[in-house]
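For reference, the structure discussed in these notes is given below.
What follows is calculated from the coordinates using simple rules that are stated; it is not laboratory data. The structure displayed is predicted, hence computed values, not measured ones. Neighbour counts run over all protein chains shown; Cβ positions are idealised from the backbone, glycine included.
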Amino acid sequence: MTFRKPILPALALVAALAGCAREGDLVIDQGVGITAVLTSCPAVGIPNFTGDITAFRTAGEPTLNNLDMTATITNLRSTCDESGERVYSGATFDVLARRTDARGARTVTLPYFVTVLRGGSAVVTKRLGEVTLTFADGQERAQATGKAGSFVNRADATLPADIQERITRKRRAGDVDAALDPLSAPEVRAAIQRTSFEMLIGFQLTEQQLAYNVTR
């Protein structure tokens, strides 16, 4: 499966984390009432087109009349433990499913992936899991909970000391670089990109299922 882009660009992720500082985080005061936070915890999310799965009774006939079941990943919640040299991220999520024929009890097992990306594109790890849904006789809907977890080396997710100094150094009026945003420097952007990680969770889709999600 191809991941086209990270959840958020590295610098957008910095701004999105504003106000969430914890002990050990790198806090950036940009001097205009904006504080950004760099953390070793991966961003957690669901890649485009992988949060839903649709099954049809007969393969190759993606029509409404042939629809068998749909399921969606929702309520994604994450935690992060930065106390050790390996940063652990955990996540739980709900899978909500609906079938078109409610006759008879039925059990359905759906596969999902947990992938860690570095710098928005490099796959560090990928693991597969399964979530099982149980429909009672006469029941159209079912719900189940899935879990995910991953480790990231703290050293890989930490900016080099010289880059941290460039970002956090106090600048005074009259300094040559006083008006320059350190986050705009190419080498700083590249360093932030290298130390940014994401834990992505989604259904392990077939090529046909992914194509259906993209084009529907």
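Structural remarks
- Full-extension gain in nm, Arg189 to Glu85, via 0.36 nm per residue minus C-alpha separation: 35.0 nm
- Theoretical FRET efficiency, 1/(1+(r/R0)^6), r = Cβ-Cβ of Ala136 and Ala59, R0 35 Å, to 0.05: 0.85
- Length released on extending from Asp101 to Ala161, taking residue separation times 0.36 nm less the Cα-Cα span: 15.6 nm
- With a Förster radius of 30 Å applied to the beta-carbon distance between Thr145 and Ala122, the computed FRET efficiency rounds to 0.50.
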